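The values are calculated or read from the model by the stated rules, or taken from the named source; none is laboratory data. Quick caveat, the model's predicted, so the values are computed rather than measured. Virtual Cβ from ideal backbone geometry, glycine too; neighbours counted across all protein chains shown. Surface accessibility is based on the protein's heavy atoms, side chains included, excluding ligands, DNA and RNA. Shrake-Rupley method; radii C 1.70, N 1.55, O 1.52, S 1.80 Å.
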Amino acid sequence: MKIELSDQLFQAALPVLSTIESHGYEAYFVGGCVRDTLLNLPIHDIDIASNATPDEIQSIFKHTFDVGKEHGTIVVLYQEVPYEVTTFRTEGTYSDFRRPDEVHFVRNLEEDTLRRDFTINALAFDRHGQLYDYHQGLKDLNARVIRAVGQANERFNEDALRMLRAIRFASQLGFKIESETFLALQQLAPLIENVSIERIRIEVSKFFQGAYFHLNGQLLPLTGLCEYIEPFAGLPVEEGVEGLKTAVKPMIENGIARDESLVWTLFLYHAGIKSETRIKNLLQKWTHSKQFIKDVQASMSLLKAIDRQSLEPWTVYQYPDDIIQRVYEFLIVHQHALSEQLMTIYHALPIKQRNELQLDGRRIMTALSMKKGGPLVGKILSDVEQFVVTKQLVNQERILIEYVIKHYGQESK
């Protein structure tokens with residue numbers, strides 16, 4: 001099978017393959033870019049495999065970076081674009097269930113594909129678009145099946161993260177997991193304890209955001225993986241997943257993006273984790289960033305306000321623009337009664353954030369002849385901010401200064 005490599009990412013990378021071949025070596029596009037091209041999906045990055053060793057790659061190209069030479073990977077910088085070039089290899093034992101203890105470089109593409117996780121990821125294109133398929137990966141793509149290369153228990157024993165990748169691909173692509181692969185996944189689920197929580201978190205987020213999560217989300221509890229992922233301990237994962245499936249289904253059907261913080265918010269909401277403290281404690285276990293945690297807390301707070309039907313200008317003002325937009329998009333596809341009210345209030349706000357206020361600490365101190373600031377300045381700013389948001393004061397400097405002098409003139413002395 002031969003196809004046209006028309007995508008601009010392929011076109012930009014073709015000279016890298018040509019250069020490698022001009023020195024007497026082989027080079028191929030491999031992995032997700034091949035799989036997604038065959039599925040008529042957009043590709044996002046390019047991976048290259050070659051029978052040239054890392055030293056040979058470095059001798060061919062002027063600008064390279066060593067990012068894992070011992071495992072065969074060199075980054076080639078071509079026209080300011082980085083490309084990972086990995087040498088064909090076989091792998092030794094995986095004593096930590098994640099990375100091979102040693103690798104052996106080989107010169108044969110077919111031998112290299114034996115170490116891949118799933119048949120749909122063991123496909124390769126040469127620079128002419130000729131497909132190389134040694135494990136019936138194209139057949140599995142057409143059948144929409146996720147099947148391990150060779151023996152599934154061997155692949156999962158080598159790298160336990162592959163078990164989460166299996167359900168992640170099912171969520172992203174809408175594929176079924178082949179029966180023997182699924183059985184091995186269930187049997188070896190405890191091995192996921194050997195994988196770092198950072199790597200697990202990345203896969204879980206992609207799983208939650210998958211375009212077919214509403215159809216395959218139940219794989220997380222069904223495989224038993226969640227029982228061996230510490231931050232899930234004690235959580236009603238099945239309830240959280242089922243609630244999230246229902247929540248994202250109309251978003252998926254209407255082509256609305258599911259932001260990472262929003263899907264985590266909805267999962268926690270349906271799992272009953274709604275307080276700021278519990279959200280913070282749990283997401284810290286997942287090693288989410290401080291900003292991510294704040295976004296989830298804000299989204300949850302807004303959802304709770306909507307549940308209470310307590311949408312007022314001062315309430316809506318508390319939330320950042322992006323949180324308002326994400327929650328609105330979620331509400332509108334669910335035809336929620338308060339969706340339009342939320343945006344009506346938001347658009348009617350006189351200011352969206354404090355820096356739009358025609359008053360600041362310096363001007364307050366000048367108006368009140370204060371020599372130094374203090375708690376009073378902060379209190380005045382907060383009071384004026386709320387009065388402007390609730391339209392009790394017009395956001396004009398003269399009006400605000402007059403108000404400050406009238407109401408706080410004596411207090412500042």
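In straight-distance terms, cross-link reach from LYS245 covers every one of the aspartates and glutamates whose alpha-carbon lies under 18 Å from its own, apart from those fewer than eight places away in the same chain; here that gives GLU203, GLU253, ASP259, GLU260, GLU329.
Dipole orientation for the chain: of the candidates ALA271, GLN187, GLN58, ALA271 has the Cα lying most toward the positive pole (charges on Cβ; Lys, Arg +1; Asp, Glu -1). Taking Cα atoms only, the orientation of helix 197-208 departs from the longest principal axis of the chain by about 80 degrees. Of the options (i) 21.0, 69; (ii) 20.6, 64; (iii) 27.6, 87, only one is Rg and Dmax of the Cα atoms in Å as computed from these coordinates, and that is (iii). Taking every alpha-carbon pair in segment 1-156 and binning the separations at 10 Å intervals from zero gives 11, 40, 36, 12, 0 percent. Only Lys, Arg, Asp and Glu carry charge here, each on its Cβ (+1 for the first two, -1 for the last two); on that basis the chain has a dipole of about 1920 debye about its Cα centre. Ranking GLN318, ILE364, VAL103 by Cα position along the charge dipole of the chain, where only Lys, Arg, Asp and Glu carry charges on their C-beta atoms, puts ILE364 farthest toward the positive end.
For LYS406, the aspartates and glutamates whose Cα falls under 16 Å of its own Cα, not counting residues fewer than eight places away in the same chain, are ASP383, GLU397. Expressed as an acute angle from 0 to 90° and rounded to the nearest 10, what is the orientation of the C-alpha long axis of helix 8-22 relative to the principal long axis of the chain? Once rounded, the angle reads 40 degrees. Among GLN136, GLN309, GLN297, the residue with the largest mean-square fluctuation in a Gaussian network model of the chain, with springs joining Cα atoms closer than 10 Å, is GLN309. Think of a 1.4 Å ball rolled over the protein heavy atoms: segment 159-218 then has 37 Å² of accessible area per residue. Using the Cα centre of the chain as origin and beta-carbon charges of +1 (Lys, Arg) and -1 (Asp, Glu), tell me which of SER301, ASN281, TYR228 is placed farthest towards the positive end of the dipole. Value: SER301.
Of the listed pairs LYS176/LYS274; LYS206/LYS249; LYS304/LYS379; LYS280/LYS304; LYS352/LYS379, which have alpha-carbon separations greater than 25 Å here?
LYS176/LYS274; LYS304/LYS379
Magnitude of the charge dipole for segment 276-357, about its Cα centre and with charges confined to Cβ atoms of Lys, Arg (+1) and Asp, Glu (-1), is about 460 debye.
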